[in-house]
Amino acid sequence: MDNKTYVFEGKTTNEAIEKGLKELKLPKSKVEIKVLEQEDKRSFFSILSPRVVKVEMTVKEGFVKEQTNVVKTNIMKEIKKDAVERKPADMNVVKTTVEDFLKEFVSNLPTPDVKYTIETQDNNVIIDINGEDTGYLIGYRGEVLNSIQNVITNIANKGNRDKIKVMLNIGGYREKREKDLENLAMKIAASVVKTGKSITLEPMTAYERKIIHTKLQANNKVTTYSIGEEPYRKLVVALNK
């Protein structure tokens with residue numbers, strides 16, 4: 001709730017006030033009310049005009065601060081409650097939960113004979129899916145694959161205090177994509193050195209940006225950095241001055 005002014009209408013002053021209090025969800029004592037249009041006696045010429053009364057309502061400043069403090073207190077309570085309810089990750093339980101999801105997921109796919117493996121290392125879940133015609137599970141430049149990975153990540157992290165990282169690979173896509181990005185990195189670097197102009201790549205995931213950054217880290221002629229916000233964050237390759 002902020003300290004803005006609101007205007008409400010009604011056929012009578014009371015109706016306009018009641019409407020305003022209902023929409024603001026506030027008691028009358030917490031707002032300042034100013035009648036903008038009174039219920040004046042109407043003339044013969046205005047008898048057919050609809051009756052409209054306008055009132056102006058402003059939430060009292062003290063109440064705004066009071067409500068803000070209440071909201072902050074409630075948020076802190078929820079954070080503390082969540083921290084208490086969350087438990088250290090049991091990777092056996094995490095693996096079972098993820099496997100239950102994958103069983104149902106794979107059983108509903110339109111292509112037969114899709115297989116998967118699940119491994120856990122520390123707080124990492126490594127999933128490999130293979131089968132014929134799994135391209136639709138990868139999508140354009142891994143968009144579908146990344147979406148599936150995000151879903152599984154949320155499932156793996158539910159109720160866990162520790163952060164679980166999920167790494168999903170489908171049909172060897174990660175290895176192919178990594179090789180393509182490394183080749184792209186070398187071509188982009190050569191172009192930047194030749195022209196002296198920086199090049200901004202299309203939006204990529206943090207994983208893909210890291211591949212290019214790592215590949216060019218040893219190249220002292222160029223530098224790399226990221227711009228923008230997720231999920232549209234981009235990598236820039238520039239001349240190292």
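The C-beta contact set for the range 122-139 (first residue crowded, with 17+ Cβ neighbours inside 10 Å and modelled with pLDDT under 90, second residue assigned to a strand (DSSP E or B) and not charged (D, E, K, R), distance under 8 angstrom, 6+ apart or interchain) comprises Thr134/Ile170.
The C-beta contact set for the range 159-178 (first residue modelled with pLDDT under 90, second residue surrounded by 14 or more Cβ atoms within 10 Å (Cβ to Cβ), distance under 6 angstrom, 6+ apart or interchain) comprises Asn160/Ala89; Arg161/Arg86; Asp162/Ala89; Asp162/Asn123. With respect to the conditions (1) part of a loop (DSSP other than H, G, I, E, B); (2) assigned by TED's automatic domain parsing to the domain that holds Asn150, Tyr232 falls short on a single one, namely (2). When residues in the range 206-227 are screened for being aromatic (Phe, Trp, Tyr) and in contact with a strand residue (DSSP E or B) (Cβ under 8 Å, 6 or more places away or on another chain), 1 of them pass.
Yes or no, residue by residue, for (1) closer than 30 Å to Met91 by Cα; (2) outside the structural domain of Asp113 (by TED's automatic domain parsing):
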site	(1), (2)
Ile129	yes, no
Val192	no, yes
Gly196	no, yes
Leu201	no, yes
Tyr207	yes, yes
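Out of (1) at pLDDT below 80; (2) surrounded by 12 or more Cβ atoms within 10 Å (Cβ to Cβ), the odd one out for Ser43 is which? Only one criterion is unmet by Ser43, namely (2). Just give me the residues in the range 195-229 being in a strand (DSSP E or B) and more than 25 Å from the chain's Cα centre (by Cα), in sequence order. Passing the criteria: Ile199, Val222, Thr223, Thr224. The set of residues in the range 53-106 being at pLDDT 65 or above and touching a Gly at 6+ places or on another chain (Cβ under 8 Å) consists of Val53, Val55, Met57, Lys87.
Filtered by the rule that a residue be of a type in the set (Gly, Ala, Ser) and within 23 Å of the chain's Cα centre (by Cα), the range 110-145 gives Gly139, Gly142.
When the residues of the range 167-183 are filtered to those that are out of contact with any helix residue (DSSP H, G or I) (no Cβ under 7 Å at 6 or more places or on another chain) and crowded, with 16+ Cβ neighbours inside 10 Å, the one that is nearest to Val94 (Cα to Cα) is Met167. Summed over the range 215-241, residues that are free of Cβ contacts under 8 Å to residues at least 40 places away in the same chain and out of contact with any Leu (no Cβ under 9 Å at 6 or more places or on another chain) total 13.
Within the bounds of the range 198-214, is there any residue that is over 17 Å from Val144 (Cβ atoms) and touching a residue at least 40 places away in the same chain (Cβ under 8 Å)? Checked against the condition, which is being over 17 Å from Val144 (Cβ atoms) and touching a residue at least 40 places away in the same chain (Cβ under 8 Å), the range 198-214 yields at least one hit.
Identify, please: which residue in the range 100-116 is in contact with a strand residue (DSSP E or B) (Cβ under 6 Å, 6 or more places away or on another chain) and under 21 Å from Asn154 (Cβ atoms) and is, among those, surrounded by the fewest Cβ atoms within 10 Å (Cβ to Cβ)? Step by step, filter the range 100-116, then rank; the result is Tyr116. Of Ile148, Ile155, Ile164, all but one fail to be out of contact with any Phe, Trp or Tyr (no Cβ under 9 Å at 6 or more places or on another chain), of a type in the set (A, V, I, L, M, F, W, C) and surrounded by 16 or more Cβ atoms within 10 Å (Cβ to Cβ); the exception is Ile164.
The values are calculated or read from the model by the stated rules, or taken from the named source; none is laboratory data. These figures come from a predicted structure and were not determined experimentally. As a convention, Cβ positions derive from the backbone with ideal geometry for all residues, glycine included, and neighbour counts pool all protein chains shown.
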